[in-house]
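Asker: Here it is, the structure in full.
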Amino acid sequence: MIVYLLCFALLLVGIYGLLVKRDLVRLIIASGITGYATNLMLVLFGYKRGAIYPILEEGKAVSERVMVDPLPQALVLTSIVIELGITAMLVALAIRLFEKNKTFDITKIKRLSG
Amino acid sequence: MILPFFIIIPLLTAFIITLIAGERDNWAVILSILAVVSLVILSVYCFVSLNGRTLVYEMGRWQAPLGIILAVDALSAFMLVIVSIIALTAIMFSVQYIRNLSPSWKYYALFMLLTGGMNGVIVTGDLFNLFVFVEITLFAAYGLVAYGNKAEEFEASFKYAIMGSISSTLVLVGIGIIYSATSTLTMALIAERLPQNPTVMYWSGGLFVAAFGLKAAIMPFHAWLPDAHSSAPAPISAMLSGVLIKALGVYVLIRLFFNVFGEMPVFSEVFLVLGTVSMVIGVFLALGQWDVKRLLAYHSISQIGYIIIGVGLGTTLGLLGAVFHLLNHAIFKALLFLNAGSLEMALGTRDLRQMGKVSKALPVTSFTSMVASLSISGIPPFNGFFSKLIIFIAAIQIGRPVVAFLAGLGSLLTLASFMKVQRYGFHGEKTVTADQAKVGWGMRAAMIVLAILCLATSALIIPGIREVTLDPVVEVIMNKTGYITRVLGR
Amino acid sequence: MKQEPGLTLIAKTVTRVSVWLIILYGIYIILHGHLSPGGGFAGGVVIALAFLNVMLTYGRETVTHWVNVEFLHDLEPACGAIYMAIGILGISISGGFLANFLSKGTLFNLLSSGNILLLNIIIGIKVAMGLFTVVWTLAIFHINEGGEK
């Protein structure tokens with residue numbers, strides 16, 4: 001239970017960063033942190049008490065112990081790939097924004113309003 | 001079977017365009033038009049020959065709990081037809097528009113990714129596969145909104161990207177909760193095994209309303225839409241506002257909340273409240289805008305409010321109105337954005353105060369924009385009137401006269417707002433020079449096709465035609481156990 | 001006093017030896033994807049990091065002398081198209097998109113488990129080239145101010 005609360009605390013740290021920070025690069029880092037928190041929570045959902053890793057090895061018999069659920073690990077792998085792409089897109093947009101506005105401060109980039 | 005080809009054709013075209021296109025974009029244009037035309041033919045064939053069945057396809061021949069399945073029923077086939085028709089008209093429009101803006105093959109590759117992703121969202125039957133295709137589509141959308149290298153486009157795309165990534169995080173948390181409760185990801189199996197425990201349903205349902213409501217631009221989550229839809233190039237605005245917020249937002253909400261979760265009165269109330277707020281505040285905010293595309297973007301928020309009210313009413317008549325309004329809004333909003341694009345191309349500005357008398361110089365644009373404005377305001381015999389009337393009657397029938405009154409008020413204010421657009425944009429007092437040569441025949445053909453469809457789809461209300469086209473869609477939505485049995489084959 | 005681009009001589013000498021080991025490690029992770037953790041994506045990221053290592057320690061011009069960057073940029077959509085072609089081949093041979101049509105072999109062998117090995121290699125190359133293209137484009141952008149997007 002305590003692990004899920006810590007995971008939620010990490011999510012709150014990321015959301016705090018998205019709400020409060022004014023620099024474009026810090027916004028990108030904060031969105032990365034929320035992504036890490038979500039992936040961690042997905043992996044934790046697959047855990048079973050006293051289970052071992054879900055890999056069959058040559059020479060060892062199929063053991064009687066229960067294996068950890070491997071499906072959330074595949075979900076997390078896909079999710080990491082997607083967030084890598086989104087971060088790359090955000091960084092490219094931040095570079096172009098800096099080139100047009102000469103600043104990384106979001107309170108000064110205000111061409112669209114109303 | 002033909003189901004995986006809805007995803008294979010656009011994605012393969014995107015990769016081949018990236019490989020073989022050189023400096024000029026001829027090959028890109030030809031390949032993308034071929035791909036979209038074949039998608040139109042496939043989707044119309046699928047919709048016409050469906051006859052109430054549900055087509056199920058297993059990817060890689062792995063059975064349902066172990067593998068990913070694609071499931072197409074009447075609602076999916078309906079959405080596929082809408083997506084491919086709007087994509088065809090947007091591609092026809094963009095050939096000359098993009099050549100004037102900044103010609104490149106990258107636009108066509110991203111457009112194919114967008115279409116392929118939306119098709120993937122519509123045909124899939126697996127919850128995590130839905131999330132992956134939503135991300136593919138949004139990725140292409142962020143790139144296309146920023147196409148054109150103007151300063152405000154990057155700002156709009158950055159806002160859209162940050163808010164989209166927040167909503168993706170919320171979707172993942174919701175998927176985690178549902179997986180830990182049912183230990184499966186196939187939507188039909190989730191519908192079967194979901195415990196009647198209200199805690200799980202409220203948590204995941206609330207997260208999904210927030211996340212997919214952000215993608216559908218319902219009112220508290222709408223803040224990215226005016227910037228993104230007004231800064232994007234015109235055919236991309238037509239695609240985004242016409243099909244993306246519906247395929248990614250409204251369709252997923254209908255599929256999750258009617259087929260997977262079943263009827264829940266709490267969420268119907270939530271949808272009614274959010275839809276009413278979107279509808280009223282959207283049209284009030286649109287009244288004060290002078291930028292043509294920003295005005296149209298606020299009207300998108302308002303019309304999506306109508307559709308969400310229809311979804312929230314939950315009765316057969318309400319869902320019929322919602323589905324019909326989904327089709328109509330795709331057609332006339334795409335037409336309105338294409339008109340705004342051709343105005344911008346000919347006059348060089350988007351500000352209504354600087355436009356003047358162009359009805360002689362751009363006859364096709366003026367005529368089709370009059371058709372679209374009458375449609376969106378709900379004037380008979382155009383299609384907007386019938387769908388709004390159905391939602392109005394459904395609201396009164398279920399005993400909510402306040403919602404019906406606000407729907408009528410919203411319709412009146414929409415009429416006022418579009419009279420302003422017509423007066424300032426097309427019949428103003430100033431005489432301005434309109435470069436008519438820039439509005440080529442491809443752009444004009446796309447607008448005329450959509451205007452004809454505006455009038456033709458009002459024929460869908462005639463009872464004989466409605467039983468074939470719209471009634472199977474509504475029946476599929478309302479029938480949760482039917483969805484489970486038809487997908488799983490029991 | 002740094003007159004030439006890149007890092008110090010120590011970094012350059014170590015990189016000259018270790019780049020090949022990094023690429024070998026990445027290929028090992030890709031090839032054993034069906035036997036041990038890793039697979040296409042993880043191995044692809046490691047190979048991309050090998051190229052980026054050379055870019056960081058030696059500078060951009062050396063990388064253009066070392067590999068043909070245009071060919072690597074073209075390799076990525078080619079791998080995507082090959083992936084889709086394998087899927088369509090799966091439809092025509094076995095009746096499902098991406099179905100297994102190679103033999104499954106004996107358990108724990110390297111050449112077992114159907115076309116998972118082939119798909120791992122394709123995805124590994126695609127991810128490596130994709131990541132390299134992204135970082136390369138972001139790095140090149142600073143040279144021509146307002147270059148490609």
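The values are calculated or read from the model by the stated rules, or taken from the named source; none is laboratory data. For clarity, every value in this text was computed on a predicted model and none was experimentally measured. Neighbour counts are summed over all protein chains in view; Cβ atoms, including those assigned to glycine, are modelled from backbone coordinates with ideal geometry.
Asker: Run down A:Y47, A:Y36 and say which single residue is in a loop (DSSP other than H, G, I, E, B) and under 25 Å from B:N129 (Cα atoms).
Answerer: Being in a loop (DSSP other than H, G, I, E, B) and under 25 Å from B:N129 (Cα atoms) holds for just one of A:Y47, A:Y36, which is A:Y47.
Asker: Further question on the same structure: Could you list, in sequence order, the residues of the stretch B:459-480 that are of a type outside the set (D, E, K, R) and under 30 Å from B:L194 (Cα atoms)?
Answerer: Residues satisfying the conditions are B:L470, B:P472, B:V473, B:V474, B:V476, B:I477, B:M478, B:N479.
Asker: Within the stretch C:1-100, considering only helices (runs of 4 or more DSSP H) that don't extend past its boundaries, which have at least 3 residues that are under 19 Å from B:L12 (Cβ atoms)?
Answerer: C:69-94
Asker: Condition check: over 15 Å from the mean Cα position of the chain (by Cα), within 13 Å of chain A (Cβ to nearest Cβ), surrounded by fewer than 24 Cβ atoms within 10 Å (Cβ to Cβ) and not basic (K, R). Does B:L194 satisfy that?
Answerer: No.
Asker: For the stretch B:165-178, name all the residues that are at the interface with another protein chain (Cβ under 8 Å from one of its Cβ atoms), touching a residue at least 12 places away in the same chain (Cβ under 8 Å) and not polar (S, T, N, Q).
Answerer: Result: B:I166, B:L172, B:V173, B:I175.
Asker: From (1) within 14 Å of B:Y108 (Cβ to Cβ); (2) within 13 Å of chain C (Cβ to nearest Cβ); (3) not β-branched (V, I, T), pick out the condition that doesn't hold for B:R61.
Answerer: Just one mismatch for B:R61, condition (1).
Asker: Out of the stretch B:37-58, which residues are farther than 21 Å from B:Y251 by Cα and either β-branched (V, I, T) or within 14 Å of chain C (Cβ to nearest Cβ) (or both)?
Answerer: B:V37, B:I41, B:E58
Asker: Do you know which of the residues in the stretch B:124-159 that are in a helix (DSSP H, G or I) and β-branched (V, I, T) is farthest from the other protein chains (Cβ to nearest Cβ)?
Answerer: Here the residue is B:T137.
Asker: Go through the stretch C:70-80 and give me each residue that's surrounded by 17 or more Cβ atoms within 10 Å (Cβ to Cβ) and either on the phi > 0 side of the Ramachandran plot or at the interface with chain B (Cβ under 9 Å from one of its Cβ atoms) (or both).
Answerer: Scanning the stretch C:70-80 gives C:E76, C:P77, C:A78, C:C79, C:G80.
Asker: Taking the stretch A:43-71, which residues are more than 14 Å from chain C (Cβ to nearest Cβ) and either surrounded by fewer than 16 Cβ atoms within 10 Å (Cβ to Cβ) or modelled with pLDDT of 90 or more (or both)?
Answerer: Correct list: A:L44, A:Y47, A:K48, A:R49, A:G50, A:A51, A:S63, A:E64, A:R65, A:V66.
Asker: Could you look through the stretch B:197-210, keep only residues that are of a type in the set (S, T, N, Q) and surrounded by fewer than 17 Cβ atoms within 10 Å (Cβ to Cβ), and pick out the one that is farthest from the other protein chains (Cβ to nearest Cβ)?
Answerer: Going through the qualifying residues, I end up with B:N197.
Asker: For residues that are among the polar types (S, T, N, Q) and crowded, with 24+ Cβ neighbours inside 10 Å, tally how many sit in the stretch B:357-386.
Answerer: Number of matching residues: 6.
Asker: Of the conditions (1) touching a Ser or Thr at 6+ places or on another chain (Cβ under 9 Å); (2) more than 7 Å from chain B (Cβ to nearest Cβ), A:I109 fails just one. Which one is it?
Answerer: (2)
Asker: Right, here's the next one. Checking the structure you have, find out if any residue of the stretch B:236-254 is under 19 Å from B:A146 (Cβ atoms), in contact (Cβ under 8 Å) with a residue 24 or more places away in the chain and polar (S, T, N, Q).
Answerer: Within the stretch B:236-254, one or more residues are under 19 Å from B:A146 (Cβ atoms), in contact (Cβ under 8 Å) with a residue 24 or more places away in the chain and polar (S, T, N, Q).
Asker: Still on this structure, please answer the following. Quick one: would you say B:L455 is surrounded by 16 or more Cβ atoms within 10 Å (Cβ to Cβ) and in a helix (DSSP H, G or I)?
Answerer: Taking the combined requirement at face value, the residue does not satisfy it.
Asker: Next up: Identify, please: which residue in the stretch C:50-68 is in contact (Cβ under 8 Å) with a residue 60 or more places away in the chain and within 13 Å of the chain's Cα centre (by Cα) and is, among those, surrounded by the most Cβ atoms within 10 Å (Cβ to Cβ)?
Answerer: C:F51
Asker: Follow-up question, since we're still on this one. Please determine, by comparing only the residues of the stretch B:352-384 that are of a type in the set (V, I, T) and closer than 17 Å to B:K293 by Cα, which one is modelled with the lowest pLDDT.
Answerer: B:T365
Asker: Testing A:I29 on (1) at pLDDT 90 or above; (2) surrounded by fewer than 16 Cβ atoms within 10 Å (Cβ to Cβ); (3) under 19 Å from B:F128 (Cβ atoms); (4) not aromatic (F, W, Y), one condition comes back false. Which one is that?
Answerer: (3)
Asker: Is it true that some residue in the stretch C:44-60 is modelled with pLDDT of 90 or more and of a type in the set (S, T, Y)?
Answerer: No: zero hits.
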